[in-house]
1. Tell me, which residue of the range 53-94 that is part of a loop (DSSP other than H, G, I, E, B) and among the acidic types (Asp, Glu) is surrounded by the fewest Cβ atoms within 10 Å (Cβ to Cβ)?
2. Which residue pairs have Cβ atoms under 6 Å apart, sit 6 or more places apart or on different chains, and have a first residue in the range 156-180 that is aromatic (Phe, Trp, Tyr) and a second that is part of a loop (DSSP other than H, G, I, E, B) and modelled with pLDDT under 85?
3. Name the pairs whose Cβ atoms lie under 7 Å apart, with the first residue in the range 37-60 and farther than 15 Å from Ile107 by Cβ, the second of a type in the set (Val, Ile, Thr), and 6 or more positions between them or separate chains?
4. How about the range 153-185: which of its residues are of a type in the set (A, V, I, L, M) and either exposed (fewer than 11 other Cβ atoms within 10 Å of the Cβ) or modelled with pLDDT of 95 or more (or both)?
5. Evaluate the range 216-230: report whether one residue or more is under 24 Å from the mean Cα position of the chain (by Cα), at pLDDT below 90 and surrounded by fewer than 11 Cβ atoms within 10 Å (Cβ to Cβ).
6. Which numbered condition in (1) aliphatic (A, V, I, L, M); (2) farther than 20 Å from Asn148 by Cβ; (3) over 20 Å from the mean Cα position of the chain (by Cα) is the only one that Val212 fails?
7. If you check Ile192, Ile207, which single one turns out to be closer than 24 Å to Thr51 by Cα, among the aliphatic types (A, V, I, L, M) and in contact with a Pro (Cβ under 9 Å, 6 or more places away or on another chain)?
8. List, please: which pairs have Cβ atoms under 9 Å, are six or more places apart or on different chains, and start with a residue in the range 85-112 that is assigned by TED's automatic domain parsing to the domain that holds Tyr24 and more than 12 Å from Phe54 (Cβ to Cβ) and end with one that is at pLDDT below 60 and surrounded by fewer than 20 Cβ atoms within 10 Å (Cβ to Cβ)?
Amino acid sequence: MKLLSIIILSITLVACSSTEVHLYTRYLSDIEIEKISSKLEESNFKVVPNTLSFPENIYQSTMIYSPFIKGEKTLDTLIQSLFDVGWSIPNVEALVSGNHWYSKDSIGLFLLPEGVKQTDKIANQDLANDYESRHCDTTVSIRLNKNNTYQLSFTNKINERTDHLKGSWEIRSYPYIELTSFNERWWFYFEIEQKIVSDEISKIEIIELKPVESYSFFPNCSFVNGVRIQ
C-alpha cells in the first residue's frame with residue numbers, strides 16, 4: 001500500500017511539473033521582463049531568464065521548442081499568454097537554432113521589440129556590459145549600464161579626481177560611442193569594433209572599445225568584453 005502511494009505521488013508530481021521557458025531578456029526592459037514572466041508563471045510555466053546573445057539567424061521574435069514538450073496545447077497556451085501581454089510570435093521552430101539546443105520539457109523564447117534588429121550595427125542593449133582594459137599599464141574597467149550610465153573602476157587609486165568616474169553614454173554616430181561625466185567636464189570617445197577570435201577551446205565574440213585619442217586617466221587603454229560561442 002505504501003509503495004502504491006509513492007507511485008501515485010510520483011505520477012502526480014510529473015503531471016504537475018511545469019514546462020521551462022528560457023526567456024532571453026537581452027532586448028527587453030525590466031518592466032517588460034516582469035510583465036512577461038508574471039503572465040507566463042500565471043499560465044503554469046517555469047520562467048528561466050538569461051541575458052545571452054541571440055543566434056545569428058534570428059531576426060524576429062522566435063519560439064524554439066523541444067520535441068519532448070508535454071501536452072498538446074502547451075505551445076498554444078504560451079503563444080496566447082504572450083499575445084495577452086502584447087507580444088506576437090511570428091516564428092516557431094522545433095529543436096534547434098544556431099547553437100541553442102533545447103531538450104526535455106523546455107522552450108526557448110527570443111523576444112525582439114518592434115524596430116530592434118540584431119544585425120548590422122551593435123544594438124545599445126548589446127553594448128551594455130563590463131569591459132576590461134587592454135594594451136596598457138593601468139588596470140581599469142568600464143561598466144556600461146542599460147540605462148545609459150557608465151562607471152569607471154580603477155584597481156589602484158591613481159588620481160584624486162573622482163568626477164570622471166560616473167556619467168552617461170550614447171552612440172553619437174555609429175561606430176563611435178561618447179562617455180560624458182555627470183558634471184559634463186569630461187568626455188571620452190571610443191570606436192566600437194566587433195570581431196570573432198578563436199583559441200584552443202572555442203570561438204570568442206569580442207566587442208572592443210578603442211579610444212579615439214589617448215586619455216590621461218587611462219593612457220592608450222582599449223576596453224574589451226568577450227563571450228564564448230560554440
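The values are calculated or read from the model by the stated rules, or taken from the named source; none is laboratory data. Quick caveat, the model's predicted, so the values are computed rather than measured. Backbone-built Cβ (ideal geometry, glycine too); neighbour counts: all protein chains shown.
1. Initial filter on the range 53-94 (part of a loop (DSSP other than H, G, I, E, B)): 53-61, 66-73, 85-90.
Those left that are additionally among the acidic types (Asp, Glu): 56, 72.
Numbers: Glu56: 13, Glu72: 7.
If we take residues in the range 53-94 being part of a loop (DSSP other than H, G, I, E, B) and among the acidic types (Asp, Glu), then Glu72 is surrounded by the fewest Cβ atoms within 10 Å (Cβ to Cβ).
2. Tyr174/Lys121
3. Thr51/Thr25; Ser53/Val227; Tyr59/Thr119
4. Once the filter is applied, which keeps residues that are of a type in the set (A, V, I, L, M) and either exposed (fewer than 11 other Cβ atoms within 10 Å of the Cβ) or modelled with pLDDT of 95 or more (or both), the range 153-185 yields only Leu179.
5. yes
6. Result: Val212 fails condition (2) only.
7. Answer to the check: Ile192.
8. Listed pairs, sorted by first residue: Leu95/Trp101; Tyr102/Val96.
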